[in-house]
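Colleague: Just passing along the structure, written as structure tokens.
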Amino acid sequence: MLKRKLLFAAAAAAVLLSWTGCAGESGNGYVYYLNFKPEADEAWQEIAEEYTKLTGVEVDVVTAASGSYADTLSSQMNKNHAPTLFVCGGVQALDNWHDYCLDLRDSPLTEHLEEDAPCLYGEDGSLCAVGYCYEAYGLIVNKSLLEKSGHSLEEIHDFASLKAAAEDIHSRSAELGFDAFTSAGLDSSSSWRFSGHLAALPLFYEFRENAATTQPAEISGSFLDLYKNVWDMYINNSSVAGGELSAATGGMAEEEFGSGRAVFFQNGSWEYTALTAEDKFAMSPDELTMIPIYCGAEGEDNAGLCCGTENYWAVNSRAEQRNIDATMDFLEWVVTSESGKKMMADSFGVTPFKDHLPSENVFLNDAERMKSEGKYNIDWSFSFTPNTESWRAGVVSALMEYSEGSGSWENVSTAFVDGWKYQYKLEHRILD
């Protein structure tokens, strides 16, 4: 069996990553995929092993730790055995990696894309990266617990009704045996849910009001009250609050929800497999649904889920040709073979490839239902964030101080607004 590797920290990657053999010496080439999604690591390892047994082509999958992808990619691209396949997270990532992206316009892979597939293009018209999945996030709801608490989905249609239900559940958590929300952990394995996904809400409404379609040099923070609404609701209606949030992990939140200790869990469609897997939480699909993250915006009773992607495949144009060819063959097999299509459907739900398998993912089906009802989509506005990880780190630090009582919300606003302006200048090398 090929040795598989999971990178637990970007800083340790250079030391820990070692190849089990010089795969590049094979006349058939090799594939090295730097995977973005830790929750899909096992699925990728299994499909890589199957492909290697079938073709003899070595496929190594390395998974970056949550929140460390940019640093890990930078580190690995400097190695002799650099990734042949990597993930561009959006237009900002493309600015950094455009010169490494093979133009896929005439590749066999594009023949399998649906017409409305998400893609990233260079200024020269080159097809730099193709989106390989659609995703949705919002509030995952345990319908059984919600009903047990005396509330229903029908009564929740905006922030006021969501907050009222959450506060009632929290006030009776001791007698109910569960709380309203899972922990809003600010450990690095969890904080991206709030510095990235939750932050999309105030950004979306500001960008919509300003008709912004490209990354702005500055933001006003005019909708940060919506962000505060939700954050206060989270930390005041869960079993973990204050200083404890700094050590609360994403795994903790998942465990709280999966084991029936919370009604609401902010996360995305990628959680479906873990929550329903027989060897993990074995939750019934019938007791799961996803609703919008209501925040107090005007007209939000007509809001849908936050739908989009930050997962675009890019092929390393600087790899040896035989490795480029091997990588393209692997990708085409993944999106056309029964094994590959099943893996994609199970791991990512709806994908933008022709003849994809239908999704059993309840959350993605919820997103499609809301769209069919005419509800507006919350775009993934966080994809415009400058120097993403640095900006998010500043926001998380301010959130932590606010949550433990040592800082004010004004500091959060400063990290959000002034931090954006500062990181934009750094990213674009603008000197005052």
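Read-outs throughout are calculated quantities, based only on the coordinates presented, and are distinct from any laboratory measurement. Owing to the predicted nature of the structure, the values given are computational and were not obtained by experimental measurement. Every residue, glycine as well, gets a Cβ built from its backbone with ideal geometry; the counts of neighbours run over all protein chains shown.
Colleague: So between Thr214 and Val417, what do we pick up on full extension, going 0.36 nm a residue minus the alpha carbon distance?
Modeller: Length difference between fully extended and current span is 71.4 nm.
Colleague: Calculate how large, on average over all directions, the projected area of the Cα convex hull of region 393-432 is; give the answer in nm² to one decimal. Intermediate results must be reported in sequence, preceding the final value.
Modeller: Numbers: hull surface 11.3 nm².
Mean shadow area of the hull around the Cα atoms is 2.8 nm².
Colleague: Something else now. Starting from the Cα of Glu154, step 7 Å along the direction of its Cβ; do the same at Asp168; then give the gap between the two resulting points in nm.
Modeller: 1.4 nm
Colleague: Now a separate question. How big is D for region 364-432, in µm² s⁻¹ as a whole number, if Stokes-Einstein is applied with the Kirkwood radius of its Cα pairs at 4 °C and 1.567 mPa s?
Modeller: Working: Rh = 14.2 Å.
It diffuses with D of about 91 µm²/s by this estimate.
Colleague: Please quote Rg/Rh for region 109-243 to two decimal places, taking the Kirkwood radius as Rh and restricting both calculations to Cα atoms.
Modeller: Rg/Rh for region 109-243 comes to 1.07.
Colleague: Find which of Ile169, Phe159, Tyr134 sits farthest along the positive direction of the dipole of region 98-177, computed with +1 on the beta-carbon of Lys and Arg, -1 on that of Asp and Glu, about the Cα centre.
Modeller: Working it through, the farthest residue towards the positive pole turns out to be Ile169.
Colleague: Would you mind computing the Rg to Rh ratio of region 191-278 from its alpha-carbon coordinates, Kirkwood style for Rh? Let's see the in-between values first.
Modeller: Working: Rg = 15.6 Å, Rh = 15.0 Å.
In region 191-278, Rg relative to Rh is 1.04.
Colleague: Still on this structure, I have one more. Based on Cβ point charges of +1 for Lys and Arg and -1 for Asp and Glu, what charge dipole magnitude is obtained for the chain about its Cα centre, in debye rounded to the nearest 20? Mind showing how you got there, number by number?
Modeller: Working: 28 positive and 67 negative charges, 157 e Å.
Dipole about the Cα centre, nearest 20: 760 debye.
Colleague: Can you show me the helix-derived [θ] at 222 nm for the chain, built from DSSP H runs with n ≥ 4 at -39,500 (n - 2.57) apiece and divided by the number of residues, rounded to the nearest 500.
Modeller: On the way: 16 runs with 173 residues, N = 432.
Calculated from helices alone, the mean residue ellipticity at 222 nm is -12000 deg cm²/dmol.
Colleague: If you don't mind, another one. State which stretch of the chain is the longest one without any exposed GluC sites (Glu not before Pro), exposure meaning a DSSP loop state and at most 15 other Cβ atoms within 10 Å.
Modeller: Numbers: sites that count: Glu114, Glu115, Glu123, Glu218, Glu278, Glu298, Glu320, Glu360, Glu373.
Looking at the chain, 1-113 is the longest stretch - no exposed GluC sites (Glu not before Pro) with at most 15 other Cβ atoms within 10 Å.
Colleague: Over what distance in Å are the Cα centres of region 310-380 and region 70-99 separated?
Modeller: 20 Å
Colleague: Note the direction-averaged projected area, equal to a quarter of the hull surface, for the Cα convex hull of region 265-394, in nm². Intermediate results must be reported in sequence, preceding the final value.
Modeller: Numbers: hull surface 46.5 nm².
Computed as one quarter of the Cα hull surface, the answer is 11.6 nm².
Colleague: Under the definition of Cα pairs under 8 Å and six or more residues apart, what whole-number percent is the relative contact order of the chain?
Modeller: On the way: 768 pairs, mean separation 99.5, N = 432.
In percent, rounded to a whole number, it is 23.
Colleague: Note down the relative contact order for region 128-194 as a percent, whole number, built from C-alpha pairs under 8 angstrom at least six residues apart.
Modeller: Details: 24 pairs, mean separation 10.2, N = 67.
Computed value for region 128-194: 15 percent relative contact order.
Colleague: Taking the convex hull of the alpha carbon atoms in region 267-343, what volume per residue do you get, in Å³? If you can, show how the numbers build up before the last one.
Modeller: Working: hull volume 13.7 nm³, N = 77.
Enclosed volume per residue, from the Cα hull, is 178 Å³.
Colleague: Which Cα, out of Met77, Trp270, Pro352, lies furthest along the positive dipole direction of the chain (beta carbon charges, K/R +1, D/E -1)?
Modeller: The residue sitting most towards the positive pole is Met77.
Colleague: With labels modelled as points extended 7 Å from the Cα through the Cβ direction, what inter-label distance (nm, one decimal) is found for Ser161 paired with Asp225?
Modeller: 2.2 nm
Colleague: Quote the relative contact order of region 312-421 in percent (integer), defining contacts as alpha-carbon pairs under 8 Å separated by 6+ residues.
Modeller: Details: 65 pairs, mean separation 13.4, N = 110.
In percent, rounded to a whole number, it is 12.
Colleague: Follow-up. Extending each Cα 7 Å along its Cβ direction at Ser406 and Glu332, get the distance between those two points in nm, one decimal.
Modeller: 5.7 nm
Colleague: Another question, if that's okay. Subtract the Cα-Cα distance of Asn96 and Lys53 from 0.36 nm times their separation in residues, and report this length gain in nm to one decimal. List each step's numbers first, then the result.
Modeller: Details: separation 43, 0.36 × 43 = 15.48 nm, distance 3.51 nm.
Between Asn96 and Lys53, full extension yields 12.0 nm more.
Colleague: Further, regarding this structure: Can you say what percent of the DSSP beta bridges in the chain, counting only those with both residues inside, are antiparallel? Round to 5. It would help to have the intermediate numbers written out before the result.
Modeller: Details: 23 of 37 bridges.
Roughly 60 percent of the beta bridges in the chain run antiparallel, per DSSP.
Colleague: Kirkwood hydrodynamic radius for region 149-193: how many Å is it when counted over pairs of different Cα atoms? The partial results should precede the final answer.
Modeller: Details: mean 1/r = 0.0840 Å⁻¹.
Result for region 149-193, one decimal place: 11.9 Å.
Colleague: Give, in whole angstrom and from largest to smallest, the semi-axes √(5λ) of the equivalent ellipsoid of the chain, with λ running over the eigenvalues of the Cα gyration tensor.
Modeller: Details: eigenvalues 256, 126, 87 Å².
The answer is 36, 25, 21 Å, longest axis first.
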